[in-house]
Amino acid sequence: MCRFCVDKVDDINYKDVKTLMSFVSERGKITPRRISGVCTPHQKRLSEAIKQARNIALVPFASRM
């Protein structure tokens, strides 16, 4: 089951860094849908929110090596 469908979340906020970081790997990549268990519509909204948060420097593009 999709975590967002269960909680009945309609929109994913790009300012909610704690939630967004749970869907980003330690290398900085967005976790794919088959691994995260998120449905397709929420995965699209999630990736858009992560990209938006990256552009305003709330979420890093990649971690340090």
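Details
- Between the amide H of Val24 and those of Thr31, distances stay under 5 Å, these residues lying 5 or more places away or on another chain, with hydrogens modeled in the peptide plane.
- Dividing the helix sum by the residues of the chain, where each DSSP H run of 4 or more adds -39500 (n - 2.57), gives a mean residue ellipticity at 222 nm of -11500 deg cm²/dmol.
- Contact order, relative form, for the stretch 3-55: 45 percent (alpha carbon pairs under 8 Å, 6 or more residues apart, mean separation divided by residue count).
- Under 15 Å, Cα to Cα: Lys pairs in the chain, sequence gap 8 or more or different chains: 4
- Note on the chain: dipole from Cβ charges, positive end direction compared against Tyr14, Ala53, Pro32; the farthest Cα belongs to Pro32.
- For the chain, a Kirkwood hydrodynamic radius built from all Cα pairs, placed in the Stokes-Einstein relation at 4 °C and 1.567 mPa s, yields a translational diffusion coefficient of 108 µm²/s.
- Fully extended contour minus Cα-Cα distance, from Lys51 to Thr19, at 0.36 nm per residue: 10.2 nm
- Backbone phi angles across the stretch 32-42, fed through the Karplus curve with coefficients 6.51, -1.76 and 1.60 (θ = phi - 60°), yield HN-Hα couplings of x, 4, 5, 8, 6, x, 9, 5, 4, x, 6 Hz in residue order; Gly and Pro are listed as x.
Throughout, read-outs are computed from the coordinates displayed, never taken from laboratory work. Source: prediction; values computed, not measured. Every residue, glycine among them, receives a Cβ derived from its backbone with ideal geometry; neighbour counts consider all protein chains shown.
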